[in-house]
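Have a look at the structure below before the remarks.
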2 protein chains.
Amino acid sequence: MPVSSLTDPALEDVRDLLDTGFEHGEMITLVGRCAIDYDGRASSHLPPGERLVICKPDGTLLVHRDEQRKPVNWQPPGSTHSVCLDDDRLIVESVRSSPHEELEITFKTVAQASRLELDDMSELALEGSEEDLRQRILADPDILETGFNAMATERETSAGPIDIYGQDADGTPIAVELKRRRVGPDAVGQLNRYVEALERNRPGKSVRGILVAPSVTERATELLASEGLEFVSLTPEQADTS
Amino acid sequence: MPVSSLTDPALEDVRDLLDTGFEHGEMITLVGRCAIDYDGRASSHLPPGERLVICKPDGTLLVHRDEQRKPVNWQPPGSTHSVCLDDDRLIVESVRSSPHEELEITFKTVAQASRLELDDMSELALEGSEEDLRQRILADPDILETGFNAMATERETSAGPIDIYGQDADGTPIAVELKRRRVGPDAVGQLNRYVEALERNRPGKSVRGILVAPSVTERATELLASEGLEFVSLTPEQADTS
DNA sequence: CCTTAGATCTCGCGT
DNA sequence: ACGCGAGGTCTAAGG
């Protein structure tokens, strides 16, 4: 885990460190006072302030302030970074194509500059996703409704793919929309689009729509009622019955 | 912009640095080999690997790998960080309440640990948002449709707030939904919910729905047609006519 | 606190 | 490439 770091360096030395880091595909962190201009999908300007800048070898660039979870500015993976010294200012530039986006960071002073080689082959194992909720229902369809018969997942309609498509005990088609957390009106609209698409395909035949989530907001409940849709309360993880 | 940094420190010294940094409300960066466990809205486990950890004074915690824009693990602002030394392992813990979430980072080795005091009072100025699109239309309603009369923004309906509510030249009500970029079926569903809510309030009276965006996907175009809704192409920023 | 919808959303998966 | 929907989404604004 080699780390090369400079404290209160001359901007010239920072430029060399960046060039070396970019060359070697290393991660770089910079702490310093900088102004930032962005132009691409939108455009922004951030006056000078002290921030932490991170350049990843995959082309990602992050600018973090001392608060908030999201970077104040950034470039997505695949961008190309470069650095140049202009008088007494160090300019870090990141360019992305398709769509074209430019980020320019102008440093007045740099307090710390580091090159990091990070070795990380592990993969994140996450539980509690919508996929887990789907597996729960497919493993035991009766928890949705007695006699439910799951016939397909991601079934295509003209309005998009249905999470689970099946039939009830009477053979009536059902579109099931899954959400891992409490839902609002948007999920109802989504389910409604799928149900209407199925009904357009089979005129006259009734289709049921069931929204599956831990809970729904009041407005979503009203919308479900006005559209004739149903709700079943389920979480991705089985309730702890210990 | 005071920066205190340790290279290849003993874990004991890292613990002291963290304690000091937490105490003084400073930002902290750690580079090292660690495993991570999360439990809260979901749960996850990440086996050992080399990562960059950032603790912000507002309670934000970020764990970044050497690729991707998003942190592999994190805690939102408002979380409480703590550190303890357990044998030959350094454990950084972050807890959040409402909802309860825990993140535990177990370091085997630390290559770099830094305390940063970042002074940043500037505010980001961003252009090209949906709000800019709204201002464009309100400043010159005719660019939406000749004779359009904007009567309200964020007008409440039983299905949620309409971006712009108004009337056409004939006095027919119009719900306008704005999007800053190319849109898909979700935006059509959103507009449809608003139009249906208005129609439920005024039975028999027809209501027009207009989706405003730079462009729409084909599926969204079909949905617009099947719902009897309309589309007008506009961008947040005026086209460059130089 | 909860709800609602925007975001330079990001990300993965599919066509 | 583009389309589509999930996400521990995050974040701001409003009730």
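The values are calculated or read from the model by the stated rules, or taken from the named source; none is laboratory data. Small disclaimer: the values here were computed from a predicted structure and weren't measured. Here Cβ is always computed from backbone atoms with ideal geometry, including for glycine, and neighbour counts include all displayed protein chains. Surface areas here come from the heavy atoms of the whole protein model, side chains and all, with no ligands, DNA or RNA. Shrake-Rupley method; radii C 1.70, N 1.55, O 1.52, S 1.80 Å.
Scanning segment A:107-129 for residues that are touching a residue at least 40 places away in the same chain (Cβ under 8 Å), buried (at least 16 other Cβ atoms within 10 Å of the Cβ) and among the acidic types (D, E) returns a single hit, A:E117. Test A:Y194 against the criterion of being modelled with pLDDT of 95 or more, under 27 Å from A:E218 (Cα atoms), more than 12 Å from DNA strand D (Cβ to nearest atom) and of a type in the set (S, T, Y), and give yes or no. So A:Y194 does not fit the description; no.
Conditions (1) within 15 Å of DNA strand D (Cβ to nearest atom); (2) farther than 18 Å from B:L6 by Cα, marked per residue:
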{"site": "B:P48", "(1), (2)": "no, yes"}
{"site": "B:R51", "(1), (2)": "yes, no"}
{"site": "B:S79", "(1), (2)": "yes, yes"}
{"site": "B:V83", "(1), (2)": "no, no"}
{"site": "B:V92", "(1), (2)": "yes, no"}
{"site": "B:I137", "(1), (2)": "no, yes"}
{"site": "B:D142", "(1), (2)": "no, yes"}
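Taken over segment B:184-224, the criterion of being more than 9 Å from chain A (Cβ to nearest Cβ), in contact (Cβ under 8 Å) with a residue 24 or more places away in the chain and under 24 Å from A:L224 (Cβ atoms) is satisfied by B:A187, B:L191, B:Y194, B:V195, B:L198, B:N201, B:R202, B:V207, B:G209, B:L211, B:A220, B:L224.
Taken together, the criteria exclude A:G209 from residues that are more than 23 Å from the chain's Cα centre (by Cα), farther than 29 Å from B:V195 by Cβ and either surrounded by 17 or more Cβ atoms within 10 Å (Cβ to Cβ) or within 11 Å of DNA strand D (Cβ to nearest atom) (or both). The number of residues in segment A:60-77 being more than 7 Å from chain B (Cβ to nearest Cβ) and within 12 Å of DNA strand D (Cβ to nearest atom) comes to 2. Per the listing A:T7, A:T60, A:T29, the residue uniquely over 17 Å from B:V31 (Cα atoms) and either touching an Asp or Glu at 6+ places or on another chain (Cβ under 9 Å) or not hydrophobic (A, V, I, L, M, F, W, C) (or both) is A:T60. State whether one or more residues within segment B:31-38 are of a type in the set (D, E, K, R) and either within 16 Å of DNA strand C (Cβ to nearest atom) or in a strand (DSSP E or B) (or both). Within segment B:31-38 (the criterion being of a type in the set (D, E, K, R) and either within 16 Å of DNA strand C (Cβ to nearest atom) or in a strand (DSSP E or B) (or both)), the answer is yes, since at least one residue qualifies. Kindly indicate the residue of segment A:42-57 that is touching a Gly at 6+ places or on another chain (Cβ under 7 Å) and within 12 Å of DNA strand C (Cβ to nearest atom) and also nearest to the other protein chains (Cβ to nearest Cβ) among those meeting that condition. Step by step, filter segment A:42-57, then rank; the result is A:A42. Within the span defined as segment A:81-103, every residue fails to be open to solvent by 30 Å² or more (accessible area, probe 1.4 Å), facing another protein chain (nearest Cβ under 9 Å) and modelled with pLDDT of 95 or more.
For A:R115, the criteria (1) within 14 Å of chain B (Cβ to nearest Cβ); (2) part of a strand (DSSP E or B); (3) under 21 Å from the mean Cα position of the chain (by Cα) hold in every case but one, which is (3).
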